[in-house]
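All remarks here apply to the structure that follows.
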Amino acid sequence: MSERISEAGLRDLSPRQRVGSYVALYASIVTWGMSFAGLVPLMALVLEERGTNPVLIGLVAAANPIGVIIAAPLVAPIVRRLGTANAMILASVGAVITVAALPVLDSLVGWLLLRFLNGLCGAVPWVVTETWINAIAIARTRGRITALYGGFMAIGFAMGPFLLTMIGTGSTLPFLYFAGLMSVSLIPIVIVRHLAPTLHLPHGIKISGFFLTVPTIMGAGFVSGMTDTSLFSFLPIWAKGAGFDEETAIYLLSIFVVGNVFMTLPLGWLADHTNKRMVLIGCSIMCVIGPFAVTMMATTMAGSLWAVGILLFLWGGSAWALYTVGLAMLGERFQAGTLAASNAAFVVAYEIANIAGPPAAGFAMDTWENHGLMTFMGSIAAIYTMIAIARGLLHSARRG
C-alpha cells in the first residue's frame, strides 16, 4: 500500500503501519520510563543519606521540569528544522549523555545542572511522542490508545524502583544502568522513523492561551504532575518515617505506579464510552481520598502493608488517568499542528507542577514532619476537584 499525505500533513497509514507505530512508541516509552522512575528515587535516597535538606532534594527533582518548560515552546521550530523523527532521536541522545554524566559530576550543583540539561533534551521526544500517538489515533478508540501509552509508561515507572532495589544505591552502577536503558529506548524510534507524521506546526501560537481555553484539561495535567514527581521523590522517605524499612518503602512506590498499569486502560475504556470530564472528576476525587486514607491506614493499622498498598494502587491509577484522559481530550479538541501546540502546553502544565511539587512537598514535610506530604497531596487534589466540578456545571448550564 502506498503512503499518502493528508492536507493536515499526517500520513495516511495502513492498519499494519499504524499498529507498528504504536508498538514502537509503546516499547520506547517502557524503557524510558524505567530509567526515569529509577533515577528520581535513587537521587533522592542518595541525597538523604548525605544529610541533604528535603527542600534541596526537591530542588534537584525540580531542575528537570524547569528544563522541559523552557524547551517545550521551542519544540515547533526544532521539529520544523530537523523533522519529526530526527528531532526525537538527536534530543534523546543528548538526554542519555546527561544521565551517564551523573556519576562524574557527583555534587549537588552538578546534579542540578545535569537534570536541567536532561529536561531541555527530554522535552522534544516527550511532546513529539504524544503528538504522534494522538495524531494517528482513530477517534472511537482514542481514550484507549492514550491509556495504553500511559499504561506502558507506567510499566516502566513501576519497574524502575523495583530494579533499584536489585541494583542498590551505593555505587555508580545504577546511574550507568539507567543511562543504558534510556539508550535502548531509541531503537524502536529509529526503526519506525519513516512512519513519523510530518507535523506542520503553525507559527505564532502561544501555548499560554491553552490554559484559558481548556483549563480543566490543563489542570488534570497539573495535578497528575504534582502527584507524580512529589511521590517519586518523597514516598519512600514518607514510608520510612511511617515505620517501613527501606526496601519496603521502595516497593510501595512501585505499587503506586502499578496502579497506573492496571487501572489506566479500564478508565480509558470508560472515557471512550461515557463522559471524559466526569471520568476526570471521579479520578480527582480518588486523589483527594487517597492520601488521607493512606495516612489513616498507616497509623491506625500499625503500618499494614496490604491496606496501604491497596490504597496506593487505587490512588496511583486515578492520578495517572488524569493525564491520559486529559491527553485524549486534547486529541478530540485539536487537530494537526494545533494539537502539537496544545500538547506542548499540556506538558508544560505537568512540568510546572513538577517544579512546584517537590520543593513544596519537601517544605510540607519539613514543617509538619511526615504527615505534611499527604496533607499537601490531598489539598491540591481537592482544589482541582472543586474547579473541575464548577467548570462542568458551567458547561451544563450553557448547553441548557
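The values are calculated or read from the model by the stated rules, or taken from the named source; none is laboratory data. Remember, it's a predicted structure, so these values are computed and weren't measured experimentally. Glycine gets a Cβ as well: all are built from the backbone with ideal geometry, and neighbour counts include every protein chain shown.
Could you look through the range 253-285, keep only residues that are of a type in the set (S, T, N, Q) and touching a residue at least 12 places away in the same chain (Cβ under 8 Å), and pick out the one that is surrounded by the most Cβ atoms within 10 Å (Cβ to Cβ)? Within the range 253-285, the match that is surrounded by the most Cβ atoms within 10 Å (Cβ to Cβ) is 260.
Residues that are of a type in the set (S, T, N, Q), modelled with pLDDT under 90 and assigned to a helix (DSSP H, G or I) were ranked within the range 200-229; the one that is surrounded by the fewest Cβ atoms within 10 Å (Cβ to Cβ) is 213. Can you find a residue in the range 112-124 that is in contact (Cβ under 8 Å) with a residue 60 or more places away in the chain, over 25 Å from residue 334 (Cβ atoms), more than 16 Å from the chain's Cα centre (by Cα) and surrounded by fewer than 24 Cβ atoms within 10 Å (Cβ to Cβ)? Among the residues of the range 112-124, not one is in contact (Cβ under 8 Å) with a residue 60 or more places away in the chain, over 25 Å from residue 334 (Cβ atoms), more than 16 Å from the chain's Cα centre (by Cα) and surrounded by fewer than 24 Cβ atoms within 10 Å (Cβ to Cβ), which makes the answer no. Screening the candidates 367, 385 for the property of being out of contact with any Lys or Arg (no Cβ under 6 Å at 6 or more places or on another chain), at pLDDT below 90 and more than 30 Å from residue 88 (Cβ to Cβ) yields one hit, 367. Hey, any hits in the range 140-154 for a residue that's of a type in the set (Lys, Arg), over 30 Å from residue 101 (Cα atoms) and without any contact (Cβ under 8 Å) to a residue 12 or more places away in the chain? Taking every residue of the range 140-154 in turn, none turns out to be of a type in the set (Lys, Arg), over 30 Å from residue 101 (Cα atoms) and without any contact (Cβ under 8 Å) to a residue 12 or more places away in the chain. Residue 135 passes all but one of (1) out of contact with any Lys or Arg (no Cβ under 8 Å at 6 or more places or on another chain); (2) at pLDDT below 90; (3) crowded, with 16+ Cβ neighbours inside 10 Å; (4) under 23 Å from residue 165 (Cα atoms); which number fails? Of (1) out of contact with any Lys or Arg (no Cβ under 8 Å at 6 or more places or on another chain); (2) at pLDDT below 90; (3) crowded, with 16+ Cβ neighbours inside 10 Å; (4) under 23 Å from residue 165 (Cα atoms), only one is false for residue 135: (4). Could we say that residue 380 is in a helix (DSSP H, G or I), in contact with a Ser or Thr (Cβ under 9 Å, 6 or more places away or on another chain) and aliphatic (A, V, I, L, M) here? Considered against the rule, which asks whether it is in a helix (DSSP H, G or I), in contact with a Ser or Thr (Cβ under 9 Å, 6 or more places away or on another chain) and aliphatic (A, V, I, L, M), residue 380 comes out as yes. There is at least one residue in the range 134-146 that is closer than 27 Å to residue 338 by Cα and hydroxyl-bearing (Ser, Thr, Tyr). The set of residues in the range 154-199 being closer than 30 Å to residue 17 by Cα, in contact with a Leu (Cβ under 9 Å, 6 or more places away or on another chain), not in a helix (DSSP H, G or I) and not aliphatic (A, V, I, L, M) consists of 197, 198.
Just one residue in the set 109, 68, 127, 93 is out of contact with any Lys or Arg (no Cβ under 9 Å at 6 or more places or on another chain) and free of Cβ contacts under 8 Å to residues at least 40 places away in the same chain; that residue is 109. Evaluate the range 47-68: report whether one residue or more is within 23 Å of residue 128 (Cα to Cα) and among the basic types (Lys, Arg). For the range 47-68, residues within 23 Å of residue 128 (Cα to Cα) and among the basic types (Lys, Arg): absent.
Yes or no: the range 245-252 includes at least one residue that is without any contact (Cβ under 8 Å) to a residue 24 or more places away in the chain, surrounded by 18 or more Cβ atoms within 10 Å (Cβ to Cβ) and over 18 Å from residue 159 (Cβ atoms). There is no residue in the range 245-252 that is without any contact (Cβ under 8 Å) to a residue 24 or more places away in the chain, surrounded by 18 or more Cβ atoms within 10 Å (Cβ to Cβ) and over 18 Å from residue 159 (Cβ atoms).
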